[in-house]
Every structure is written in C-alpha cells, then in structure tokens.
Ligand code: GLV
Ligand code: MN
Ligand code: MN
C-alpha cells in the first residue's frame, strides 16, 4: 500500500488542535472546520475527482458521473467535539481517499460512480444537534428548525453559515441525491473496546437510540453571604440532584445518561445562580427503555425542583431512533472482509451516533469499525494503531471494489 494514508494523516493532524489540551476544536463553520474543508477540496482536486459542495454544506468528491444511478459512497466527517480526538471522523475521510488510491494502484475498473463525502457538523458541538448535514439532506431536520439553532454565543446557524460563505437559504431535504446512491459505507474508529487484539476491523450491526435533552432549572439569584438557607431558591441543588438521579436511573435500566455540558447564570462565585442549564445525553438498547429512563430523570428533577422552589423545563433538542444497518449489505461486507468466512468478522453494535445512522432510513448503509485499543473516544487520548488504520484502509478498498467494480 502506498504511503498516502500517512501523508494525509500528517497534513490534517495540526488543524484545529489546541496547544493546551492536545484535543481538537473543529466546530461547524469555524476557522479550523473551514481549513479541514479546504483540505478536503484539495484532496478531491489533486486526484482529478469532481468536487461538489451540496446545498447543506456537505462536500463530495466524485469519480464517475455524480448524476449516475447506484453510486457507492464512502466517507465520514471532519468536525470534532470540544477537545475531541484525532480519529473520530477524520479516520473515515482519510481512509476513503487512501482506499481510492489503493484501488487505482490495483487498476480497479469502476462500473458505478464512487463518491467520498465529508458530512458537515456531525458532532453538533456548536449548535446542539448532531449530524446536521446528513439530517438536512435526509429531510429529518427542516430548514426552519436549522435556522432556529444558535450556538453558545447566540450566533444563529444561518449567520455562521453565511459568514463561512455558504447560502443558508439553500439548505433542506435533498432526496434526489440520496435516491441516486446505491450504498453508503462509513469507516469509523471504534469507540469502545469490543474488538480484541486479533481483530483490527469489525462491521456494525446497529446503533442504540439516543438523544439530547436540555434541562432549564430556574431559581432566584441572590447573595451567597446574606441569603438565609430557608430563603434560597438555588437551581444548582436541583441540577446536582438531577445529575445523580440520571446516573442511578440509567444504571438500574442498563442504559446510559450523561450530563456533559452545563451553563450557569450569572456564573458568579458569590451569587446563588438564577438559572442552571444542563444538557442530558441519554442512550439505551431500545426506545422503550430510553423513554422510560428520560421520564424517570424528568420526574426526579421535578420532584427535587418542587422542594428547592425551582422551576424545571425540559426540551428535547434531538433524537435518533434505533438503527439496524442493512442486513444484506452488512453480510456482504463481512463476506468480503472475511474472504469468504463471514463468521470470522466481528459484528458489533454501538452507542455512538453517526451520519450512517441518519442515512440508514433512506439508503442501504453499513459501517466498518477500526480497533481502538483503549476504547477512549471524544477525548484527546483517543487512539488507533497505524497498522489497524492501514488494515481498515485495505478492508474499505476491498469493500468498495466489491460494490463499485462488479458488472
Ligand atoms: C457522536 O459521536 C455521538 O454519538 O455523540
Ligand atoms: Mn463523535
Ligand atoms: Mn464520528
């Protein structure tokens, strides 16, 4: 295999990396994201691929006719969570270009159009909703909903888009585009420790249903040094109790519940807060369990709020139902990677969301996972060994050859 993977990896590595944390801050439409997008376009053009920016800000690099039927598409995303790792997203995009280089080196003859895609704003780190690019395209997020989103500084999504040179009025469902796609395969770093030391690459079976809920705890600002305990309406107490309740309810149900983001007003050391806003991320193996856990957390918040004199409001900001990846496509990937022994290929579910999960309701979709020795993800410590990454590129090349080069 050529060294194209290592070259591209080294080019992207410094983009948007914080010197203090070592993590990435590539947020939708910020300067690091713009630099990553320029890099993608350059990769497309250097390879003589047809470069296309779609109405929703997703980037496409086409080999063959972009208007042709039955296209085979691969790719992932280049944005990150706050202080994210290097692999979540970029591994899929870099591996896609490297797999294409590998196929060209093999002299593969393509019978179907092939595209590499960089979906915009997968992590939802800036505007609170994950997979905005693919959700818009699939029509599960409307233009109006997207236009209503704001970041933590109050910047509206359409203004951020416009500032980065993208027309926010053009966004919306793009079903004709999806109708021309025969299969989408996303390669991604594994975000758990399912794959053992003998397994570099696995195939995804399903994605747990998951969502984000915003809890607003409204209390009363007051002096930390003079307000009697019995006179306080302190939303921090209700928030803290809700965090503990979330952990307990999720544990008892075999689900997951995380408060990873909080905003406090006025955020002064010597003032009781007037408002605490906490964002809950919750996931479970099935929707009934997820619904029950979130409802139990809501009840716990309301009950505690009653005692604290705090009003609690709950808003669901996003939701992704359970995803079962296309069975025949999954089996075909396992057959190809296992070289005719599909049982030798691990097939694993994940609790992480992906653009592939959003597209799965519209087109046949599959995922490949590359081993992550520690399982750590959404952290600067996220890692995959180079040998496993190269095994991922080889597996993806085999899969694309099977899907896009057969008569
Ligand atoms: C995306 O990485 C998610 O699952 O939050
Ligand atoms: Mn992620
Ligand atoms: Mn990802």
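Mind checking which residues of the stretch 194-250 are under 18 Å from residue 314 (Cβ atoms) and in a strand (DSSP E or B)?
Of everything in the stretch 194-250, those that are under 18 Å from residue 314 (Cβ atoms) and in a strand (DSSP E or B) turn out to be 210, 211, 212, 213, 214, 215, 216, 217, 218.
Read through the list (1) farther than 20 Å from residue 329 by Cα; (2) surrounded by fewer than 16 Cβ atoms within 10 Å (Cβ to Cβ), then give the number of the only condition that residue 179 fails.
Tallying (1) farther than 20 Å from residue 329 by Cα; (2) surrounded by fewer than 16 Cβ atoms within 10 Å (Cβ to Cβ), residue 179 fails exactly one: (1).
So which residues in the stretch 160-178 are closer than 18 Å to residue 31 by Cβ and either over 20 Å from the mean Cα position of the chain (by Cα) or outside any helix (DSSP H, G or I) (or both), if there are any at all?
Answer for the stretch 160-178, where residues must be closer than 18 Å to residue 31 by Cβ and either over 20 Å from the mean Cα position of the chain (by Cα) or outside any helix (DSSP H, G or I) (or both): 162, 163, 164, 165, 166.
Looking for something within 13 Å of ligand 3 (Cβ to nearest atom), in a helix (DSSP H, G or I) and buried (at least 24 other Cβ atoms within 10 Å of the Cβ) - is there at least one such residue anywhere in the stretch 125-134?
Yes, that holds for at least one residue.
Need a quick list: strands (runs of 3 or more DSSP E) entirely within the stretch 310-393 having at least 1 residues that are within 16 Å of ligand 1 (Cβ to nearest atom), in contact (Cβ under 8 Å) with a residue 24 or more places away in the chain and farther than 15 Å from residue 206 by Cα.
Filter on the stretch 310-393 gives 311-320, 365-370.
For residue 117, indicate whether it is within 25 Å of residue 146 (Cα to Cα), more than 16 Å from ligand 2 (Cβ to nearest atom), modelled with pLDDT of 95 or more and assigned to a strand (DSSP E or B).
Here the answer is yes, as residue 117 does meet what is asked.
Could you list, in sequence order, the residues of the stretch 259-296 that are under 14 Å from residue 216 (Cβ atoms) and buried (at least 16 other Cβ atoms within 10 Å of the Cβ)?
259, 261, 264, 273, 274, 275, 276, 277, 278, 279, 280
Does residue 190 count as under 25 Å from residue 100 (Cα atoms), touching a helix residue (DSSP H, G or I) at 6+ places or on another chain (Cβ under 6 Å) and surrounded by 18 or more Cβ atoms within 10 Å (Cβ to Cβ)?
no
Given the conditions (1) within 16 Å of ligand 1 (Cβ to nearest atom); (2) farther than 25 Å from residue 140 by Cβ; (3) in a helix (DSSP H, G or I), which single one is not true for residue 33?
It is condition (2) that residue 33 fails.
Select, from 347, 312, 393, the only residue that is away from ligand 3 (no atom under 16 Å from the Cβ), out of contact with any helix residue (DSSP H, G or I) (no Cβ under 6 Å at 6 or more places or on another chain) and at pLDDT 95 or above.
Just a single option satisfies the conditions, and that option is 347.
Which of (1) in contact with a helix residue (DSSP H, G or I) (Cβ under 9 Å, 6 or more places away or on another chain); (2) touching a residue at least 40 places away in the same chain (Cβ under 8 Å); (3) more than 16 Å from ligand 1 (Cβ to nearest atom) does residue 52 not meet, given it meets every other one?
Of everything listed in (1) in contact with a helix residue (DSSP H, G or I) (Cβ under 9 Å, 6 or more places away or on another chain); (2) touching a residue at least 40 places away in the same chain (Cβ under 8 Å); (3) more than 16 Å from ligand 1 (Cβ to nearest atom), residue 52 misses just condition (2).
So how many residues does the stretch 71-106 have that are away from ligand 1 (no atom under 16 Å from the Cβ) and in a strand (DSSP E or B)?
Of the residues in that region, 4 qualify.
Looking only at residues that are under 12 Å from residue 258 (Cβ atoms) and outside any helix (DSSP H, G or I) in the stretch 274-307, which one is farthest from ligand 1 (Cβ to nearest atom)?
The qualifying residue farthest from ligand 1 (Cβ to nearest atom) is 278.
So which of 172, 219, 260, 192 is within 16 Å of ligand 2 (Cβ to nearest atom) and farther than 30 Å from residue 393 by Cα?
260
I'd like the residue in the stretch 352-371 that is over 12 Å from residue 324 (Cα atoms) and under 17 Å from the mean Cα position of the chain (by Cα) and, out of all such residues, is farthest from ligand 2 (Cβ to nearest atom).
368
The values are calculated or read from the model by the stated rules, or taken from the named source; none is laboratory data. Because the structure is predicted, anything quoted here is derived from the model rather than measured. Positions of Cβ are backbone-derived with ideal geometry, glycine not excepted, and every protein chain shown enters the neighbour counts.
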